[in-house]
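Everything below concerns the one structure shown next.
The values are calculated or read from the model by the stated rules, or taken from the named source; none is laboratory data. Nothing here was measured: the structure is a model prediction, and the numbers come from that model. As a convention, Cβ positions derive from the backbone with ideal geometry for all residues, glycine included, and neighbour counts pool all protein chains shown. Please note that ligands, DNA and RNA were not included when accessible areas were found on the heavy atoms of the full protein model with its side chains. Shrake-Rupley method; radii C 1.70, N 1.55, O 1.52, S 1.80 Å.
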Amino acid sequence: MTPSMSSSPDLKKSPLHERHVALGAKFAEFGGWEMPLEYSGVVAEHTAVRTSVGVFDVSHLGKATVKGPGAAEYVNSCLSNDLGKITPGQAQYTLCCNERGGVVDDLIAYLHADDDVFLIPNAANTAEVVRLLQADAPDGVVVTNTHDDYAILAVQGTNSDDVLNAIGLPTGHDYMSFATAEFSGTAVVVCRTGYTGERGYELVVPNEAAVAVFDALLEAGAPYGIVPAGLGARDTLRTEMGYPLHGQDISPDITPVQARSGWAVGWKKEHFWGDEALRAEKERGPARILRGLRAVGRGIPRPHMTVLDSSGTALGEVTSGTFSPTLKKGIALALLDATIKEGDQVTVDIRGRQESFDVVKPPFVTVHVRES
């Protein structure tokens, strides 16, 4: 969608929408929501996160609860990863797969208790994930779509701890763990997660407290040069880390085996949605694999561009492609014929020009995450 400064009446809006307007954000559509694409510019926002700290409004992300006796056991029988490997107070990246092994959505599961799981799917897929879980839920397990009840703020970067400490929120807990704290009398869940590769946190905030938390973060972060960052910078940051985006790098037609996300599959579990197809594909080996591409020259790849070998034979296509502000060159994730290996060189057809790329293993950049 073309960035816009105006508001669209047909799209859902974050509870922080008016704050974004006041900050001069350019907006774009994400999963049916009108969200900030950028404020001061993608490169400036990207660089702020890599060098200090930024705050993203990602309230378009879905929210759902699964509650009742055996809720965690039920979720574990449906989603790909093994929820039994974590304990209450921890979160887990997992996948909702279809019977062919394709990815309906990737999401984060927050394990509050054996009878209480909180899910964060992607915006466009929340209703479908909730529908699937509701359809198979045993008696006593209730699945509720709470998409419109919470804001989510991602505080990302080396100085993220300092900013949260300044407003009295907990920091220093282990990666993929969370703590619940109070901010002005409202419960806020603070999780050591993020989509940037940097040290950071994601805050799940009831809508009514979202503005107060956002304002406090910007005020507390001012000494560290905090910037509000849009989803444009979030995309360049995650691409530099090789993190997949649903609808591009994973999809109902792209399996976790093909996307090299098998680490998010509990292969030893007795059952999960899509397990038969995934086990069979893992056994025989996938016909195509998601690889990283790094430009040799100045070419900037974009999704759906064709990847070719030296003789001009198509090998696959770019799924995510961008200019890396850190490397100052083009990078991409591409779904390629499984015969293509790291260390090979391929070309990408960029508007009729054949640009050379090295096949590499993501991440494309090395981040130095400060530990507490």
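The table below lists the values:
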| quantity | calculated |
| --- | --- |
| Candidate set from region 66-100 (those that are assigned to a strand (DSSP E or B) and either touching a Pro at 6+ places or on another chain (Cβ under 6 Å) or open to solvent by 20 Å² or more (accessible area, probe 1.4 Å) (or both)); member that is nearest to Pro223 (Cα to Cα) | Gln90 |
| Some residue of region 104-111 being hydroxyl-bearing (Ser, Thr, Tyr), assigned to a strand (DSSP E or B) and open to solvent by 10 Å² or more (accessible area, probe 1.4 Å) | no |
| Out of Tyr201, Tyr175, sole residue that is buried (at least 16 other Cβ atoms within 10 Å of the Cβ) and among the hydroxyl-bearing types (Ser, Thr, Tyr) | Tyr201 |
| Residue count for region 16-57, restricted to those that are outside any strand (DSSP E or B) and farther than 19 Å from Thr322 by Cα | 15 |
| Number of positions in region 152-182 that are more than 16 Å from Asp57 (Cβ to Cβ) and in a strand (DSSP E or B) | 6 |
| Boolean, Thr51 is under 30 Å from Pro138 (Cβ atoms) and among the polar types (S, T, N, Q) | no |
| Among residues of region 112-147, those that are part of a loop (DSSP other than H, G, I, E, B) and touching a residue at least 40 places away in the same chain (Cβ under 8 Å), counted | 10 |
| Flag if Gly194 is under 17 Å from Leu61 (Cβ atoms), buried (at least 21 other Cβ atoms within 10 Å of the Cβ) and of a type outside the set (Val, Ile, Thr) | yes |
| All positions within region 17-39 that are of a type in the set (A, V, I, L, M), touching a strand residue (DSSP E or B) at 6+ places or on another chain (Cβ under 6 Å) and within 24 Å of Thr126 (Cα to Cα) | Ala28, Leu37 |
| Options Leu164, Leu133, Leu111: the member that is at pLDDT 95 or above and either within 26 Å of Trp33 (Cα to Cα) or among the small types (Gly, Ala, Ser) (or both) | Leu133 |
| Lone unmet requirement of (1) in contact (Cβ under 8 Å) with a residue 24 or more places away in the chain; (2) in contact with a strand residue (DSSP E or B) (Cβ under 9 Å, 6 or more places away or on another chain) for Glu99 | (2) |
| Only listed residue being closer than 27 Å to Leu11 by Cα, open to solvent by less than 10 Å² (accessible area, probe 1.4 Å) and aliphatic (A, V, I, L, M), chosen from Ala151, Ala124 | Ala151 |
